[in-house]
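Participant: Here it is, the structure, as C-alpha cells.
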Amino acid sequence: MAFIKSISGFRGTLGGYPGDNLTPVDIVNSSSAFGSWLLDCGARPLVVIGRDARISGEIVSQLVAASLRALGIDVIDLGLATTPTVEMAVPYYQAGGGIILTASHNPREWNALKLLNEKGEFISAVAGARLLAIAESNRIKYASVDALGSYRYLPDEALQHHIAAVLAYPLVATEAIRKAGYTIVVDAINSVGAIAIPALLEQLGCKTILLNGEMNGQFAHNPEPLPQHLTGLTEAVRDSHADLGLAVDPDVDRLALVGPGGTWIGEEYTLVVVADYVLKHCSGAVVSNLSSSRALADLAAGYGQPYFAAAVGEVNVVNRMKSVAAVIGGEGNGGIIVPDLHYGRDSLIGLALVLSALATGRQNINELRQAYPRYEMVKDKLELSADFKVEGALTRVMTYFASERLNTEDGLKIDFAEGWVHLRRSNTEPIVRIYAEAKNAQAAAALVEKVRSIFVNY
C-alpha cells in the first residue's frame, strides 16, 4: 500500500490509514491544497475535473469537487474523460486549473490527482513545491457558507470539442482516412478509451471492433500497454483480418499499435511513425525522453533535423519542446505531444496522425515499421525495500561503467556502442525502472541483467 506526494500530484492505493494510503482524508487535503494554491496565485476560481473509469473514481471525484467548492471555487465536472480531453478543456472553459483523477497505467487499487495549470498543462516544479508546502501546513482557509463554489456536470461537450480540434488539425488527412475505410481493433482496457476512441474513429469513417469496452474499472488485464499484456488484442487483429490494432492505457494518453496479422508494433514506434509523418510536412526539432528509442534520433537525423532528449515525465518533455521550438515530441511509452494542438500526451491526435500516415502513404503499419531502424527494448523494474540505498547503488554502477557515456540528468543512462540502459526511480511507484535497448531483444535483456546484477549487489 502506498501514498506518494510529488510535485506532479498525489497518487496512492485506496484504503488503510490516512497518510499511508490515498484515503478520503488525504484526497480532501490534497485537493484543498491545490485549490488554496490556485487562489493564492490569483487564478480564476474555476477548476475542471475529469476521471477515468477505475472503481474508486466516482468517490474520489465527489471528494475533490466538494473540497474545491468548500474553498469557494466553481467546478466543471466532465465525468468520465480522457486526460487529454481534460487538458484541452481547461483553456476551453477559461478555467484557472484542472485536476485529472487517474492513476494511468497503475492497477485498479490505485488512483491519483494530476494537477493542471490554467493552460491545461502539468504544473511546474516550483508550483508543485509550493503546493506540497501548503498541503503540509494544515493551514487551509475554507470559504463561508455564502461564498461556496458552484458545480456543473458537463459530460459530453469537452470530448466533442477535443474530437473537433483533432479533425480540424491541418495534418490530419480526414478524407484520405475515410476513403481507406479501415477496420481497427481497439482495446479500451475497461476505461474511458471506450468512449473517446470509437467516437473519433466513427468521425474518420473507420469500423471499430471494441475489446474490453465495459467501463467498470475491472481491468481485463494489466493496464500498462506492453506486449505481454496484449495477447488478446494481437489475436483479435489476426483473427478479424483488421488493418490495425491499438491499445490505450486507462486515461488514454498512451498509444500502442498492432499491425495486420497481429504483428506487434508497440509503444516505442508510435512516436516514430507520427514524427516521420510530421517531418514530411514540417521542419523543426524533435524531442523524446531519455528512456525512448534511438529510432527517433535516427529518424530526425535522416531528415536533417535536431533531436533532443529530456528527463522522463511529461512536464520535462514539454519544457524541452518549448525551449527548442519542437514540431513534435513525446515519450516512447506511446505518448504523443503535438505542440500546436496542445502540450499534452494525446492518443486521439496520435491515432489520427498514424492513420493519416497510412492513408496518404498507402502503406500498412507493418511496412512502415520495416522501413525504420530496427531496435528492440526490454522494460524491467525492481521493487524497492525500505532500506535500499538507491543513490549508493547508482554510484556503484557509474563507477563500474566509467568508461562509457553516462548521463545523470534523470537517474543514470549508460550509452554503449551496442545499445543503452537507463535506471531511474519511478515518480509514480516505489520501484526503480530498468530499460534497455539494443538491436535485438536478447541483447537488450543481456544489458538489463548485466546492469541489474551490479545495481542490486550494492
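Participant: Using a 1.4 angstrom probe on heavy atoms only, work out the carbon and sulfur share of the accessible area of the range 303-353 in %.
Facilitator: Here carbon and sulfur together make up 53 percent of the probe-accessible area.
Participant: Going highest first, how would you order 122-129, 333-340 by mean Cβ packing within 10 Å?
Facilitator: 333-340, 122-129
Participant: Another one. Listed highest first by mean packing, meaning other Cβ atoms within 10 Å per residue, what order do 343-356, 375-388 come in?
Facilitator: 343-356, 375-388
Participant: Going toward the positive end of the dipole of the chain, with +1 on Lys and Arg Cβ and -1 on Asp and Glu Cβ, which of I4, Q94, A310 do you reach last?
Facilitator: Highest projection toward the positive end goes to A310.
Participant: Next question. Using alpha-carbon pairs under 8 Å, 6+ residues apart, how would you state the relative contact order of the range 203-264 in percent?
Facilitator: The value is 28 percent.
Participant: Taking a probe of 1.4 Å, how large is the accessible area per residue of the range 1-44, in Å²?
Facilitator: 43
Participant: Find the relative contact order for the range 1-111 and round it to a whole percent, using C-alpha pairs within less than 8 Å whose residues are 6+ positions apart.
Facilitator: Here the relative contact order equals 30 percent.
Participant: Give me the base-10 log of I(q)/I(0) for the range 263-381 at each q in 0.21, 0.23 Å⁻¹, Debye formula, one uniform scatterer per Cα, rounded to two decimals.
Facilitator: Log-scaled intensity ratios, in q order: -1.20, -1.46.
Participant: If the convex hull of the alpha-carbon atoms of the range 301-458 is projected onto planes in all directions, what is the mean projected area in square nanometres?
Facilitator: 10.8
Participant: Choose one of I163, A256, P373: the residue whose Cα lies farthest towards the positive end of the charge dipole of the chain (beta-carbon charges +1 Lys, Arg; -1 Asp, Glu; about the Cα centre).
Facilitator: Sorting the options by dipole projection puts first P373.
Participant: Which percent of Cα-Cα pairs in the range 84-154 sits in each 10 Å bin, short to long?
Facilitator: Distribution as computed: 16, 36, 41, 7, 0 percent.
Participant: Further question: May I ask for the Kirkwood hydrodynamic radius of the range 329-419, worked out over all distinct Cα pairs and given in angstroms to one decimal?
Facilitator: With all distinct Cα pairs of the range 329-419 included, I get 17.1 Å.
Participant: Given only helices, namely DSSP H runs of n ≥ 4 each adding -39500 (n - 2.57), what is the per-residue ellipticity at 222 nm of the chain, to the nearest 500 deg cm²/dmol?
Facilitator: For the chain, the value works out to -12000 deg cm²/dmol.
Participant: So, taking all protein chains as they sit and a 1.4 Å probe, how much accessible area belongs to Y92, in Å² rounded to tens?
Facilitator: Accessible surface of Y92 is approximately 100 Å².
Participant: Please go through the range 128-183 and write out the trypsin sites (Lys or Arg not before Pro) that DSSP classes as loop and that have at most 14 other C-beta atoms within 10 Å.
Facilitator: Those satisfying the criteria are R139, K141.
Participant: If you plug each phi of the range 410-424 into the Karplus form 6.51 cos²θ - 1.76 cosθ + 1.60 with θ = phi - 60°, what whole-Hz ³J(HN,Hα) values come out, in order, with x for Gly and Pro?
Facilitator: Along the range 410-424, the couplings run 8, x, 9, 10, 10, 9, 9, 4, 8, x, 8, 10, 10, 10, 7 Hz.
Participant: Just want to confirm a number: the relative contact order over the chain, from Cα pairs under 8 angstrom separated by 6+ residues, in percent.
Facilitator: Once normalised by length, the contact order is 12 percent.
Participant: Mind checking the alpha-carbon convex hull of the chain and giving the volume per residue in Å³?
Facilitator: Per-residue hull volume (Cα only) is 133 Å³.
Participant: Separate question: Calculate the dipole size of the chain relative to its Cα centre from +1 charges on Lys and Arg beta carbons and -1 charges on Asp and Glu beta carbons; express the result in debye to the nearest 20.
Facilitator: 600
Participant: How big is the convex hull of the Cα atoms of the range 1-51, per residue, in Å³?
Facilitator: Here the figure is 85 Å³ per residue.
Participant: Can I ask one more? Considering the dipole of the chain built from charges on the beta carbon (Lys and Arg +1, Asp and Glu -1) around the Cα centre, which of V421, G72, G181 is farthest to its positive end?
Facilitator: The Cα lying farthest towards the positive end belongs to V421.
Participant: State which entries of K114/K322; K322/K381; K280/K322; K114/K389; K119/K280 exceed 23 angstrom in Cα-Cα distance in the structure shown.
Facilitator: K322/K381; K114/K389; K119/K280
Participant: May I ask you to give the percent of accessible area on the range 117-232 that is carbon plus sulfur, with a probe radius of 1.4 Å?
Facilitator: 51
Participant: Write down the percent of antiparallel bridges among all DSSP beta bridges whose residues are both part of the chain, to the nearest 5.
Facilitator: 60
The values are calculated or read from the model by the stated rules, or taken from the named source; none is laboratory data. Every value quoted in this text rests on a predicted model; they were computed, and no experiment measured them. Neighbour counts are summed over all protein chains in view; Cβ atoms, including those assigned to glycine, are modelled from backbone coordinates with ideal geometry. We work out accessible area using only protein heavy atoms, side chains counted, and drop any ligands, DNA or RNA first. Shrake-Rupley method; radii C 1.70, N 1.55, O 1.52, S 1.80 Å.
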